[in-house]
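The values are calculated or read from the model by the stated rules, or taken from the named source; none is laboratory data. Computed from a predicted structure; not experimentally measured. Using ideal geometry, Cβ is built from the backbone for each residue, glycine included, and neighbour counts are taken over all protein chains shown. To get the accessible areas, we keep the full protein, side chains included, count just its heavy atoms, and leave off ligands, DNA and RNA. Shrake-Rupley method; radii C 1.70, N 1.55, O 1.52, S 1.80 Å.
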Amino acid sequence: MEKHEEVLVAMRQIIRAIDLHSKKLKKECGLTGPQLILMNTIRDMGDVTIRELSNSTNISQATATTIIDRLEAQEYVTRVRSQQDKRKVHAVLTEKGQEVLKNSPPPLQDNFVNKFQALESWEQTLLLSSIQRISLMMNADDLDAAPVLQLDSSISKN
């Protein structure tokens, strides 16, 4: 196999791993990757506005709002008006949301982040440079993307 084919196989393996994890997540707890990320962020940050969620997760505010709407419909999250500033609305986990989080697997990127951070600094830089070059070669460098491992089909099913 030629080197470019090996690179393409490795990229396909990454895509496949993301797909399999997304399916496992949906099957085990009924959540998509972005839903899980937002719920974890709400848990970690406490009462948080949609703007703060968006900034913290690098998910657009419009997408975060759509996800919160769906989580609210499932009774995992509720919106509560701020007592200090009545113009602000906070997303808060419900008991049902807290329970589903306890039983959900960790996001795929958590495992990646732990392994990546264990690498030497020079190796992290080498991997980053290589992946950024691949992104350029795939004409993907201008695409908006959050640091959340998910497939596009997950975005539309938020």
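Solvent-accessible area of Ser54, all protein chains in place: 10 Å² (probe radius 1.4 Å, heavy atoms, ligands and nucleic acids excluded). For Thr41, the accessible area of its heavy atoms, probed at 1.4 Å with every protein chain present, is near 20 square angstrom.
Taking the Cα centre of region 88-133 as reference, the dipole from Cβ charges on Lys and Arg (+1) and Asp and Glu (-1) amounts to some 180 debye. The charge dipole of region 50-129, taken about its Cα centre with unit charges on the Cβ atoms of Lys, Arg (+1), Asp and Glu (-1) only, comes to about 440 debye. For Lys88, nonlocal amide neighbours, meaning residues 5 or more places apart or on other chains whose placed amide H falls under 5 Å from its own, are Ser82. Between Ile68, Ile59, Ile15, where does the largest GNM mean-square fluctuation fall for the chain, given springs only between Cα atoms within less than 10 Å? Taking springs between Cα atoms under 10 Å, the residue moving most is Ile15. Taking every alpha-carbon pair under 8 Å whose residues sit at least 6 apart, region 41-132 reaches a relative contact order of 23 percent. Of the residues Leu143, Leu108, Leu136, Leu93, ranked by 1.4 Å probe accessible area with the largest first, the sequence reads Leu143, Leu136, Leu108, Leu93. Compactness ratio for the chain: Cα radius of gyration over 2.2 N^0.38 Å (N = residue count) comes to 1.18.
Summing Lys and Arg as +1 and Asp and Glu as -1 over all other residues whose Cβ lies under 13 Å from the Cβ of Leu20 gives a net charge of +4. Calculated accessible area for the chain comes out at 68 Å² per residue, all protein chains present (probe 1.4 Å; ligands, DNA, RNA ignored). Applying both filters, DSSP loop and at most 14 other Cβ atoms within 10 Å, to the trypsin sites (Lys or Arg not before Pro) of region 1-99 gives Lys86, Arg87. Karplus-derived 3J(HN,Hα) values for region 46-53, using 6.51 cos²θ - 1.76 cosθ + 1.60 with θ = phi - 60°, are x, 4, 9, 7, 4, 4, 5, 4 Hz; glycine and proline are entered as x. Here the chain has 53 percent of its accessible surface on carbon and sulfur atoms, given a 1.4 Å probe and all protein chains in place.
When only the Cβ of Lys, Arg, Asp and Glu is charged (+1, +1, -1, -1), the dipole of region 1-139 relative to its Cα centre reaches about 400 debye.
Using a Förster radius of 30 Å, what is the FRET efficiency between Glu99 and Met45 based on their Cβ-Cβ separation? Nearest 0.05, please.
Values: r = 19 Å, r/R0 = 0.63.
After rounding to 0.05, the efficiency reads 0.95.
Shown in residue order for region 27-41 are the 3J(HN,Hα) couplings computed by the Karplus curve 6.51 cos²θ - 1.76 cosθ + 1.60 at θ = phi - 60°: 5, 6, 9, x, 10, 8, x, x, 4, 5, 4, 5, 5, 4, 5 Hz (x for Gly and Pro).
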